């Protein structure tokens, strides 16, 4: 056994923050395969075992996220040195650090400190793989948005409007010649491996170091990073690696990213479009994640046509692409009942004007779908696909937003934050309205959120408890106005402006 | 047997026109029950037996619609005179007289002379029972509209926004005191019979003479009269008569109205809301119509929640109220396959702003539903429910239209009239468009009508036959513009303005 390797680590670290221990080791051979690093972290309340990973240039990293405000000690075991030990103090979380997002009340999500998390996601599949200027613009756009989750890919993307080479590759090797590609012929190269030369046992640390920075930048913005591990928009062969290559990659990802509190694992985007994978492959990948992620980050898998079986125990929440051209959020109740897990509609068509039906609805229609999902106790996701001369489409590249929906999502989030307890559940009121009430059993009768969608009533009549008093607000979800309509008891009528996209919010202010 | 009664009838009559023979007879007792009049009409090609009816004041009428341009002779048999005979000449139909509407090509409708009938219906439930000025305004509105069918009731209507007494009653007697009714309490009186005194064996001829004038006025406008025989919005007991009273009424209706070529029989509106009737009652009523209508006018029955079994042999076409809050025209394909009959969506929500979800959608949404139904090979119906200080709502009273949808229905009808052959059928193109092609087998490949609904593509690509030439039109169904986008063959791209409610019409102008 060689001598003790020098290690570097912080003496103090923040609760729920990524805490990194750096050590030096061999750079010869293939360290990804031939060397191993693992660590055990201990405090009074917990003992956690994690894997380290090779970061290139003879550097090995061990990353850990402490759950308790205590002194932790650790022991690192490597294939190239004697055991290494150390200790550090965990300090209170800084403002805005609420810990990981976890499932709460069956159908909802909350941060580890109990703060409700009302998911308002967006999708920019390969924003990390654009040039620095576009990345900076994406982060600036996100900083000024209501989004608190973003879906994106670890691997580069091969698809219409996105045929350029990425800024880096996850593996050592050389890609096929992409100069032959056009928006007409690119389908022919989808899923093909010819012309690529990769070593799937040698990761390119630069690719992942850059991804680290992206995940960290999102963390600073308070955004969850819904990492898509596999996807079918591929001309490099990353969607058709062998089982052991997939698992090597997945374990590298968990070793590298599980210590970031804002990471979610999305096993795939449109898993059902990867011809090289079957259900056993996905289950093996899920198993590897469960085994190697000691923090149990949120896990799901996203469909194109066919839902994955979201009732599988490893699936923490549904990550749904709507299956129907007309209904999306309207079906949340069915999925809540079917799966008894949080229902996240990550893809319900994007605001835009491209040729495809999944990317050309209006801001009104996208916002309506968000509200339909919301008042049924689910969560929706945003995307944007406007054609521009610069060829930068938010859904793929990030950049800036042009649509009308995003500002209205902040209003929606503001309303969601007024929910007593955690989360909304559908409440069967009249056939021609959708009504949400608190999921929390302790808040029954305290709050009602009615939504009328494309309907335009001039008024609505209510019959609530006669011995309680209710403050009634008329919400224009499109104009983003919140108007108090008065204090009522028992039977009362609320006037509305006969416009679409109206909601009525009723808060009980006194009970008998 | 008494002496021959004097009879009056025209020496010449127009093909497919209501031809009336008037005779005098006893006015004593109850002529509706105690007297009978029937007639046999004969020409070279047909022999038709019809019933006459009592019209009050000792007058009996026999009505007949000749199908052939020939000399017809007739023999009338009565309970009060010796047989009566006569003959008349049938002249060619005047312009605009195309005969009755019948089912054509399984899923469509055509006039008796072969002219396609593209149904664009509206609903004004009790327009005939309003004051003269409102009736005149309704007819004027219809005359300037694209509507070619209107649904309305023979009996008066008791429902919110329509609690006033009708101008007349179908039976002799006295109604309940309606001064007690308010828009809050009217539900309590629905279906009740207390306070009413009617003789269900004595029709009020004045009520029906007025209805004759209304049906005739519609006929002059080229409009089909979709007569609703029963409905549940009732405080007079007309919805809960006994079986023999129902059948007496139905036979009076067929004797009186079957000779009008523009009459359709709608057994009921929202049949499933009449608690006093069961399926056996509806089947008995249908049977009576089939037996007593020698011309076989179109027959259907309209649902509230539950569809009637439209596969029943007496049902000529589906008369559907949509069952889903979100989907209506989108389901036409299913119903076409289920029933293999014309699918007429008589109720898919109304443009308006009342409190009820069935009466407060936008003109855009109503038009979208029309087009969704149309391009799937079905037909939709219009209604309008705007609140006005005068309390006149088109859906109930007629009057004038305020909405944005009606002018756009003329554009839709103009496009429908361009269909080669008779009618459209759905054609499975891409998942994110709806495409219609001619139902006519002889017109395959000659015509394509694509519709994009709420989607807003900037362009769409097509791949048609390379050796044919196609004229392509871009239709803005909302702005009512029809722009020729050029002549194409094989693969081509059509640019669109990235707006909702667009359609692309492709007409083959030459084939190899």
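Some points to look at:
- Number of positions in segment B:494-512 that are surrounded by fewer than 13 Cβ atoms within 10 Å (Cβ to Cβ) and either within 21 Å of residue B:432 (Cβ to Cβ) or touching a strand residue (DSSP E or B) at 6+ places or on another chain (Cβ under 9 Å) (or both): 4
- Residues that are surrounded by fewer than 21 Cβ atoms within 10 Å (Cβ to Cβ) and closer than 21 Å to residue B:119 by Cα within segment B:256-298 comprise B:270, B:295, B:296, listed in sequence order.
- Residues (within 14 Å of chain A (Cβ to nearest Cβ) and out of contact with any helix residue (DSSP H, G or I) (no Cβ under 6 Å at 6 or more places or on another chain)) located in segment B:306-347: B:321, B:322, B:323, B:324, B:325, B:327, B:331, B:333, B:334, B:347
- Strands (runs of 3 or more DSSP E) wholly inside segment A:1-73 containing at least 3 residues that are over 23 Å from residue A:206 (Cα atoms): A:12-14, A:37-42, A:47-51
- Sole residue being part of a loop (DSSP other than H, G, I, E, B) and within 25 Å of residue B:220 (Cβ to Cβ), chosen from B:168, B:81: B:168
- Flag for residue A:266 being in a loop (DSSP other than H, G, I, E, B) and in contact (Cβ under 8 Å) with a residue 12 or more places away in the chain: no
- Any hit, segment B:478-493, residues being in contact with a strand residue (DSSP E or B) (Cβ under 6 Å, 6 or more places away or on another chain) and within 12 Å of another protein chain (Cβ to nearest Cβ): yes
- Scanning segment B:173-192 for residues being out of contact with any helix residue (DSSP H, G or I) (no Cβ under 9 Å at 6 or more places or on another chain), surrounded by fewer than 16 Cβ atoms within 10 Å (Cβ to Cβ) and not in a loop (DSSP other than H, G, I, E, B) gives a total of 5.
- Helices (runs of 4 or more DSSP H) (entirely within segment A:348-448) containing at least 1 residues that are surrounded by fewer than 20 Cβ atoms within 10 Å (Cβ to Cβ) and away from chain B (no Cβ under 14 Å): A:405-416
- Residue satisfying condition, being modelled with pLDDT of 95 or more, outside any helix (DSSP H, G or I) and within 21 Å of residue A:132 (Cα to Cα), within set A:217, A:225: A:225
- Number of positions in segment B:332-348 that are over 18 Å from residue B:148 (Cα atoms) and in contact (Cβ under 8 Å) with a residue 24 or more places away in the chain: 8
- Within the set B:49, B:34, the sole residue that is closer than 20 Å to residue B:253 by Cβ, at pLDDT 95 or above and out of contact with any strand residue (DSSP E or B) (no Cβ under 9 Å at 6 or more places or on another chain) turns out to be B:34.
- Residue check for residue A:150: crowded, with 19+ Cβ neighbours inside 10 Å and part of a helix (DSSP H, G or I): no
- Checking B:66, B:116, B:83, B:93 one by one, the residue that is free of Cβ contacts under 8 Å to residues at least 12 places away in the same chain and either within 30 Å of residue B:351 (Cβ to Cβ) or touching a strand residue (DSSP E or B) at 6+ places or on another chain (Cβ under 7 Å) (or both) is B:83 and no other.
- The residues of segment B:453-477 that are more than 14 Å from every other protein chain (Cβ to nearest Cβ) and either in a loop (DSSP other than H, G, I, E, B) or modelled with pLDDT under 95 (or both), listed by number, are B:464, B:465, B:466, B:467, B:468, B:477.
Per-residue answers, yes or no, for (1) in contact with a strand residue (DSSP E or B) (Cβ under 7 Å, 6 or more places away or on another chain); (2) in contact (Cβ under 8 Å) with a residue 12 or more places away in the chain; (3) in the same structural domain as residue A:370 (by TED's automatic domain parsing):
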| position | (1), (2), (3) |
| --- | --- |
| A:430 | no, no, no |
| A:438 | yes, yes, no |
| A:442 | no, yes, no |
| A:447 | yes, yes, no |
| A:451 | yes, yes, no |
| A:462 | yes, yes, no |
| A:468 | yes, yes, no |
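- Residue among A:344, A:250 that is closer than 27 Å to residue A:17 by Cβ and in a strand (DSSP E or B): A:344
- For residue B:298, the requirement of being away from chain A (no Cβ under 14 Å), modelled with pLDDT of 95 or more and over 16 Å from the mean Cα position of the chain (by Cα) is not met.
- Counted residues, segment B:309-328 - those being under 30 Å from residue A:452 (Cβ atoms) and either surrounded by fewer than 24 Cβ atoms within 10 Å (Cβ to Cβ) or not assigned by TED's automatic domain parsing to the domain that holds residue B:296 (or both): 7
The values are calculated or read from the model by the stated rules, or taken from the named source; none is laboratory data. The structure presented is a predicted model; accordingly, all values stated were derived computationally and were not measured. No Cβ is skipped: glycine too gets one built from the backbone with ideal geometry, and neighbour counts run over all protein chains shown.
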